[in-house]
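The values are calculated or read from the model by the stated rules, or taken from the named source; none is laboratory data. Since the structure is predicted, the reported quantities are computational estimates derived from the model, not experimental observations. Reconstructed Cβ throughout: ideal geometry from the backbone, glycine too, with neighbour counts over all protein chains shown. What goes into the accessible areas is simple: the full protein's heavy atoms, side chains included, and nothing from ligands, DNA or RNA. Shrake-Rupley method; radii C 1.70, N 1.55, O 1.52, S 1.80 Å.
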Amino acid sequence: MHKLTLKELSAQLQARKISATELATLFLDRIAASDLNAFLHVDRDLTLAQAKAADVRLAGNDAGPLTGVPIAHKDIFVTRNWRTTAGSRMLQDYVSPFDATVVEQFNAAGTVTLGKLNCDEFAMGSSNENSFYGAVKNPWDKTAIPGGSSGGSAAAVAARLAPAATATDTGGSIRQPASLCGVTGIKPTYGSVSRYGMIAFASSLDQGGPIAKTAEDCGLLLNAMTGFDERDSTSLQRPKEDFTRSLNQSLQGLRIGVPKEFFGAGLAADVEVAVRAALAEFEKLGATLVEISLPKTELSIPVYYVIAPAEASSNLSRFDGVRYGHRAADYKDLADMYKKSRAEGFGDEVKRRILVGSYVLSHGYYDAYYLQAQKIRRLIAEDFQRALAGENRQCDVIMGPVSPTVAWDLGDKTDDPVANYLADIFTLSTSLAGLPGMSIPCGFGQGEKNGKRPVGLQIIGNYFDEARLLNVAHQFQQATDWHLREPA
């Protein structure tokens, strides 16, 4: 039963072939037996209480497509009753008095919460090694990283500890771990999913999205997650839509843009082979490949690592040891309490980004760094619009690798933050432009110890083109079985 897709599980529940309580118990037992460190908080009683409520709805024919389906939430979404730590000592044992909008939406849909998932501290990282509660292990190879910051979400779905999970993407934190763990994940257009109750990292970049086994499952999850929220000033006021409506459309005549900048120096040969094979499969499905150029791609790393730390330094200033969060036990005065509480509560990577952010926002440097980064951000977005929009658009979607390499070994890059940053080269530009992007499994590469590690194909579309992306991904998954492969 744990191998079924979310849609298949829903059908089993609707047909009364299994109860929500039995299903939740099955996954809770799998979580208890796991050694991946994917979950930070599990409460069996809370989960089973939700499952019993779902069974009542199912018995009363008051059920939707997600009623009774178990999911897990990234520990960046605040949840009533479950702890919310953002992977940090700063919020150790914090329990929110309210639910994030995303959690509310899934509760209303009748899903059953399995627990909270490990993540890089305050979503800052590409490997899930920055969590105060220890690194998550990749289920394909436990010596490898699962990707980050949503490494717990991707690892849990890949290991079949949960059929689906919520995640967040600031610079690639849905797509990259989905790629490295061999699952499907989508970051929707910025503003599509409410950020209310999502602990902020970089407000102009953070966006929630789902990770699941298949594109179809991701569409069902997006149906519940998206929608206008007046409590979020960045939420887009758009009518609800069915993201699964176009899944079965033919790909005949689809134009796929292949950016030459995504296939240059730095891309590992095994990743390129898998991605090129996936592109060839799309040609068999009727699509046409078009070489395009996204010339500002290489600038996305310096731009992102100016803008994101700047916003982080502002957002994390609220964690001062006064209202909530960690407070140092011994201090002389208020200023000393601030310094000691933040020094003890934040990890090295968070401190590093706060320092960088405070510097680029400081007097005399704002114009030279932050303002220039915002100007280049606009140019990056214009590159995508030339390719995807208007009467003279070059292509319908863009495809390429998600990550330049397969998952690296745990500990390999912990002493070299820049090497971690460079791993985001293919995902950052999409986030800076606010475009939707997703990752689907497309093959395997060789890890450093010659073990097979997953490779993901990135699909990028124009604003609000999620239904097309899901259609493209679904057709590929109907023709291949990479998304069905499971770790031992």
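A few notes on this one:
- Under 5 Å from the amide H of Val290 lie the amide H atoms of Ile256, Gly257, Val258, each residue being 5 or more positions distant or on a separate chain, with H modelled from the backbone and absent for Pro and chain starts.
- Largest-first principal axis extents, alpha carbons of the range 1-105, Å: 45, 30, 22
- Across the options Ala11, Leu46, Val69, the greatest Cα extent toward the positive end of the charge dipole of the range 1-86 (unit charges at beta carbon of Lys, Arg, Asp, Glu) belongs to Ala11.
- Over the chain, accessible surface divided per residue gives 37 Å², non-protein components excluded, 1.4 Å probe.
- Protein heavy-atom surface of the range 40-85, 1.4 angstrom probe: 49% of the accessible area is carbon and sulfur, with nucleic acids and ligands not counted.
- Euclidean distance between Cα centres, the range 99-117 to the range 314-330, Å: 27
- Nonpolar atom fraction for the range 326-478, defined as the carbon and sulfur part of the 1.4 Å probe accessible area, stands at 51 percent.
- Principal axis dimensions, largest first and in whole angstrom, of the range 60-203 by Cα: 47, 31, 29
- In terms of accessible area, using a 1.4 Å probe and ignoring ligands and nucleic acids, Arg83, Arg16 rank largest first as Arg16, Arg83.
- Taking all protein chains as shown and a probe of 1.4 angstrom, Lys17 keeps an accessible surface of around 150 Å².
- Here the contact order of the chain, divided by its residue count and restricted to Cα pairs under 8 Å and six or more residues apart, works out to 17 percent.
- Heavy-atom accessible area ranking, 1.4 Å probe, most first, across Ile211, Ile301: Ile301, Ile211
- With all protein chains modelled, accessible area of Tyr365 [1.4 Å, Å²]: 90
- Whole-Hz Karplus values for the range 205-212 come out as 10, 4, 8, x, x, x, 10, 8 Hz, taken residue by residue from phi with 6.51 cos²θ - 1.76 cosθ + 1.60 and θ = phi - 60°; glycine and proline positions read x.
- The chain - share of DSSP beta bridges that are antiparallel (%, nearest 5): 70
- Local electrostatic count, Leu222, Cβ distance below 12 Å [Lys/Arg +1, Asp/Glu -1]: -2
- Amide H contacts of Asn130 (H built 1.01 Å from N, under 5 Å, at least 5 apart or other chain): Glu121
- In nm, spacing of pseudo-spin labels at Ala49 and Glu22 (7 Å Cα→C-beta vector): 2.5
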